[in-house]
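What follows is one structure encoded as structure tokens, with my remarks underneath.
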């Protein structure tokens, strides 16, 4: 007469592994792979072999356990950081993740059972009750209030408010955004150089009010140098930088080039008038 054994139904191979770990009271971070593999294989042999879909998942885990068992018999591998790699690390991470999901599933199932016993209905309070406002007797409400009590309450509120203030951060200043654009600063520097013709670079930067304006002024000077509107000179290393405007010089050169042409035109007109008189 054969002995019939009723096996516990597990949702998958990880569920079976967690059952074996809990049953043997094993630390999940230090799994005795040989013992667990033997117990796992015994369970596989006792399973019904007709259900191949279920068996396939358990056989894959059995192959994984045997692979880890073989690696445990070999010398430990060393990673790039010089530490020995544990062949059980990936399996432990999968078990921990599955354990979390299983716990959350049981928690959600309990909440579903509790919510199934809860019933809701639409509010049936009459509109007269909703519109009712309880009258307030101001004199009865302020009967025990005096100036001293109000002063005491005011002081308590201010004291609590002062306690909320951070003694260090309260001394910090406010950061305000300054609207300074490069085109505006470029026009300002160009106009400044047209009026003064020469300027000291350090003095120009020190006249600015903030770091943002200093940066914008510096960029504007570089842009004007690139456009050829100003020239920069420095006689000595780490010496003062002098800026010179080239904008008026261009206008002067254009006027000087136009003057001979105008004089030539005037002389030609005079010669033509003399010929007409003759």
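The table below lists the values:
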| item | result |
| --- | --- |
| Taking the range 182-249 and dividing mean pair separation by its residue count, relative contact order in percent (alpha carbons under 8 Å, at least six apart) | 41 |
| Estimated FRET transfer efficiency when R0 is 30 angstrom, pair residue 97-residue 45 (beta carbons, to 0.05) | 0.60 |
| Among 213-222, 112-121, 237-246, 141-150, the order from most to least packed when residues are scored by Cβ within 10 Å on average | 213-222, 237-246, 141-150, 112-121 |
| Gain in span if fully extended, residue 121 to residue 27, counting 0.36 nm per residue against the direct Cα distance | 28.9 nm |
| Label-point gap, in nm, between residue 212 and residue 34 - each point 7 angstrom along Cα→Cβ | 7.3 |
| Extension reserve of the residue 194-residue 114 stretch, reckoned as 0.36 nm per residue once the Cα distance is removed | 20.5 nm |
| Chain lengthening between residue 83 and residue 240 when straightened (0.36 nm per residue, less Cα-Cα) | 50.6 nm |
| Burial order of peptide ranges 18-27, 100-109 (average beta-carbon count within 10 Å, highest first) | 18-27, 100-109 |
| Ordering of 127-136, 157-166 by packing [mean C-beta count within 10 Å, highest first] | 157-166, 127-136 |
| The range 182-249: radius of gyration over Cα atoms, expressed as a fraction of 2.2 N^0.38 Å | 1.04 |
| Label-to-label distance, nm, for residues given as residue 15 and residue 163 (7 Å Cα→Cβ offset) | 5.5 |
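Values in this text are rule-based calculations from the coordinates and carry no lab data. Nothing here was measured: the structure is a model prediction, and the numbers come from that model. Heads up, the Cβs are rebuilt from the backbone with ideal geometry, glycines too, and the neighbour counts pull from every protein chain shown.
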